[in-house]
Structure formats: C-alpha cells, structure tokens
Ligand SMILES: [Zn+2]
C-alpha cells in the first residue's frame, strides 16, 4: 500500500460508505488494516512509535476485550503525546511497554496471530494515512514474518524493567485530560 499527498483528498469520505474509485484510496487501506486486527483470534503484537489513529486503537482494544492476547510497545516520549491513545489502552487493561527516553523506539509494525506482519514507514496516525508519503506492507511469508516475531519478543523482554515506573506517571495526566 502506498500513500501520498493525494491521500488527503480521501479524508472527507473516511467515515462514510462512499465508493471511492482511486486506486490507492487510503480509506480502503485503513479499513484493510482494521480488518486484519478484527480478524485476530489469538494474539496481536503492536510495536509503534506513535499510535493515535482512533479506528485502529478501538480495534486493538476490541481484540483485547474478545480475549486476544494483545501487547503494545510504544516510545515513551510519543506515548505521552496528547494525541496518542495510551490512556485508552491503559484504561482497558491492554498491556503496554515503553521504550525509555534516549534512542527512539522508532519501529512501526504489528503481528496478527503470529501469521501476518504489517510493517512499513507509517505510524498508525491520521496524518500517516491521510497526508504523508508512506508505505505499508502486509505479508505472511514465513521468512519475513519470523524475524519480526522474534524481534517483538526480544523488545518485550528488553522493556519489561522500565515500563511500569514510567507508565503510571505518564498516564495520570492523560487520563485526567480524557475525562475518565
Ligand atoms: Zn478514497
């Protein structure tokens, strides 16, 4: 999937059922990514520098609610950004681990049921889907998939010691701002 400055033209029909004839319609791509999340039955691992897209964040929370084993890794700095959905995940009990300040946790990939990986340049943000030149690749090719599975497991272990002491002070103002 490729996104460009023209992706912004489709933003107007993001929340409607309008049929769009563009070859690279970002609304269609967004719903495709959502459908992969909705298809998750066993596990969903998301490793994303910044995750602010409401549609995909809700799909992640819904996966957690239906019993899928969800894990989220984010960059600590970006997780505290007001647009990030950190409070939504935290309030719904979705496990989150954060990369400390310093070198960025700049990955953008997600693994569904250890069966497919979604990766590319794009953070799951509205400007990613509707404004930037970006790419997303979805594959179930084992040779490509397995290193991402291994890398996520490794990162999850690496960040285990840091996350709890960072997460709660970061969450408090976000929860206060979200009115919950
Ligand atoms: Zn469109």
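Number of residues in segment 77-118 that are more than 12 Å from the chain's Cα centre (by Cα) and in contact (Cβ under 8 Å) with a residue 60 or more places away in the chain: the value is 13. Is it the case that residue 56 is part of a strand (DSSP E or B), touching a residue at least 24 places away in the same chain (Cβ under 8 Å) and either near the ligand (Cβ under 10 Å from one of its atoms) or within 17 Å of the chain's Cα centre (by Cα) (or both)? Answer is no for this residue. Evaluating residue 102 against the criteria (1) out of contact with any helix residue (DSSP H, G or I) (no Cβ under 8 Å at 6 or more places or on another chain); (2) under 23 Å from residue 63 (Cα atoms); (3) at pLDDT below 90; (4) surrounded by fewer than 14 Cβ atoms within 10 Å (Cβ to Cβ) leaves one unmet condition, (2).
For segment 23-52, the tally of residues that are within 16 Å of the ligand (Cβ to nearest atom) and in contact with a helix residue (DSSP H, G or I) (Cβ under 6 Å, 6 or more places away or on another chain) stands at 5. Summed over segment 10-22, residues that are assigned to a loop (DSSP other than H, G, I, E, B), more than 8 Å from the ligand (Cβ to nearest atom) and touching a residue at least 12 places away in the same chain (Cβ under 8 Å) total 1. Taken together, the residues in segment 31-52 that are farther than 14 Å from residue 89 by Cα and part of a strand (DSSP E or B) amount to 1.
Whether a residue is at pLDDT below 95, in contact with a helix residue (DSSP H, G or I) (Cβ under 7 Å, 6 or more places away or on another chain) and either in a helix (DSSP H, G or I) or within 12 Å of the ligand (Cβ to nearest atom) (or both) was assessed, and residue 7 passes this test.
Within segment 72-84, is there a residue that is within 16 Å of the ligand (Cβ to nearest atom), surrounded by 17 or more Cβ atoms within 10 Å (Cβ to Cβ) and within 27 Å of residue 149 (Cβ to Cβ)? There is no residue in segment 72-84 that is within 16 Å of the ligand (Cβ to nearest atom), surrounded by 17 or more Cβ atoms within 10 Å (Cβ to Cβ) and within 27 Å of residue 149 (Cβ to Cβ).
The values are calculated or read from the model by the stated rules, or taken from the named source; none is laboratory data. The shown structure was predicted, so the numbers you read here are calculated from the model rather than taken from an experiment. Neighbour counts are summed over all protein chains in view; Cβ atoms, including those assigned to glycine, are modelled from backbone coordinates with ideal geometry.
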